[in-house]
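Q: Take a look at this one; I'll ask things after.
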Amino acid sequence: MMYPYSDTVRTKHIKRTLRVSVVCILFSFLSVQAQTAPTVKAKIDTTKIRLGEQINYTVTVEADQLDVVIFPEGQTFSPLEMIESYKVDTSFAQARMTLIKKYGLTQFDSGSYNIPRQRILIGDRTLQTDSFQVDVNNVVLDTVNQGLYDIKPVIELPTDYSKFWKYLLWIVPVILAIALFLFWLLRRHKKRVEAEKYIPPFEQALASLRQLDESGFIASAKYKEYYSTLTDTVRRYYDEKVYDRALESTTDELIERLELEKNSGHIDFNSETIKQLKEIFKRADLVKFARINPPSGKAEADRLAIEQIVKETKEVLPEPTVEELMKDQSYREALERKRTRKLWGTGIAGVAGILLVALIAGIVIKGYDEVKDFVLGNQSRELAEGNWITSEYGFPSIVISTPKALERKEVNLPQEAQGKIEASSFVWLSKPPAFTVALFQTQYPEGTKATVEPVINVRLKYFEEIGYNFSLVKNEKFQTPNNAEGVKAYGSGTTNFSGNSKLMDMEYTLLVFVAESYVQELFISWPSNDSYSKQIAERIINSVELQKAPAK
């Protein structure tokens, strides 16, 4: 193919075409790079807040979906404090993603603060946000229009029942066992009373004879049982109505007594009746002891004869006197009292047995100390395991956690110290007195340099005057969790809270903090033989935090 141009012209045309192509390729590459480069933007919702108000700090990141984005965590916003880190809000559009991360910041001291740049990691890149200036203003107090109010009294917290279910696991089964036992005991007593309900001797004798007819002893040739029941029936009747030793007498002794009653005219027995009764008793003795069976039909005849003898005896018996009736009534009442005492004795013994079994089971499962505290109660343990109160006391404040809130007590300063020294105290004393927590704060005149040793000596002397006796005193350095340094004086001794001659062994700890002219003291004492009191003391000591004394 032939070109209408010269070689020079053709060469220039080719070079121009190459330059245009290179420019287009570079432009396309830069455009793509510009579209995929990640971006970071940060903003705050306000630049002025009051003490403790929240600033919302928002970071927006745009990046490729495959990029890994890491936001800052922890206190990286100092001097502002991060109080909350919210979840990341994510949205997608084509191959890009947008991440929005929000933080809650605040500051509790007034002033002008700079929020530093924050580093955002996106893949293998590190991008930074802008810094922001924030003004924190004091809260303006209206002391003219706003009335002043006294300190509110301590509010008693409601009783904590969160652990009550543990007690129910033991109490409910024991109560249920006692209830079942008492139900069974009363039911059995009721049946016995009904079974032993008083029946007159005559009716009781006839009822026994009717039961003998239904026993089937004759059909089964059980003559010994038959005659034993037959003679016992008439003997019991005579034992109550004629001769009070009829049950334990021999046949001859009983017959002799009946004849004596007849001859004395006390009971008009028929001679034939006594003779017939003697024959039946002799035959019964032969059956019971010699195993001689009676002739056929004789057992039925003897049974009818005994019934007739009982009826004849009832007719010839004299009417009971008033004294006999009263004696019988007294006997019944005494019998009822005996039954009642037996019922109470059985009930008390049974309940005591159930409680003893539950007590032994508890000791085996939980241990002696656990059961003792459950049954008798343990105030120290309840305080150690209960809900505690964390409070600030005085100014500059000292923060401690205690089982109960400390109460402010008046400090009586000497006349020469009034107006020069400011002192306050806060005290909690367990009831009955055993555990003591006392907090003392003293501010001396400006320029005064307080030292630790005299403070310890003065404070221990103060407690000796109110009943303490310190036999051992040791000192060592002490540091609170927020790095406040002080001196720890500790040891053992005795104290007397009740005012009598009995002394209680105790241990104590005195923490002393001195900062310029401020002195803060925390005194704790507890019984030496109480492990839970020791736990309480250690927990209080480990909770101590101090606020720095204000610059003068």
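Q: When the residues of the range 449-491 are filtered to those that are among the aliphatic types (A, V, I, L, M) and exposed (fewer than 15 other Cβ atoms within 10 Å of the Cβ), which remaining residue is farthest from residue 504 (Cα to Cα)?
A: Checked the range 449-491; the qualifying residue farthest from residue 504 (Cα to Cα) is 458.
Q: May I ask you to list the residues in the range 86-103 that are within 43 Å of the chain's Cα centre (by Cα) and surrounded by 15 or more Cβ atoms within 10 Å (Cβ to Cβ)? Walk me through it before giving the result.
A: In the first step, residues of the range 86-103 are kept if they are within 43 Å of the chain's Cα centre (by Cα); the result is 86-88, 102-103.
Passing the criteria: 102, 103.
Q: Is it true that some residue in the range 382-399 is among the charged types (D, E, K, R) and assigned to a helix (DSSP H, G or I)? Full working, then the answer.
A: Initial filter on the range 382-399 (among the charged types (D, E, K, R)): 382, 385, 392.
In the following step, the residues that additionally are assigned to a helix (DSSP H, G or I) were identified as 382, 385.
Yes.
Q: Also: From the list 304, 325, exactly one residue is at pLDDT 90 or above, within 30 Å of residue 266 (Cβ to Cβ) and exposed (fewer than 12 other Cβ atoms within 10 Å of the Cβ). Which is it?
A: Result of the check over 304, 325: 304.
Q: Would you be able to say whether some residue in the range 373-382 is exposed (fewer than 15 other Cβ atoms within 10 Å of the Cβ) and under 26 Å from residue 542 (Cα atoms)? Give the derivation first.
A: Applying the first criterion (exposed (fewer than 15 other Cβ atoms within 10 Å of the Cβ)) to the range 373-382 yields 375-377, 382.
After this cut, where a residue has to be under 26 Å from residue 542 (Cα atoms) as well, the list is 382.
Yes; the residues of the range 373-382 include at least one that is exposed (fewer than 15 other Cβ atoms within 10 Å of the Cβ) and under 26 Å from residue 542 (Cα atoms).
Q: Still on this structure, I have one more. State whether the residues of the range 259-276 include one that is more than 60 Å from the chain's Cα centre (by Cα), at pLDDT 85 or above and within 27 Å of residue 222 (Cβ to Cβ).
A: yes
Conditions tested, residue by residue: (1) under 14 Å from residue 81 (Cβ atoms); (2) in a loop (DSSP other than H, G, I, E, B); (3) hydroxyl-bearing (Ser, Thr, Tyr).
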site	(1), (2), (3)
99	no, no, no
108	yes, yes, no
113	yes, no, yes
117	no, yes, no
126	no, no, yes
130	no, yes, no
135	no, no, no
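The values are calculated or read from the model by the stated rules, or taken from the named source; none is laboratory data. In this text, all values refer to a predicted model and were calculated from it rather than measured experimentally. Every residue, glycine as well, gets a Cβ built from its backbone with ideal geometry; the counts of neighbours run over all protein chains shown.
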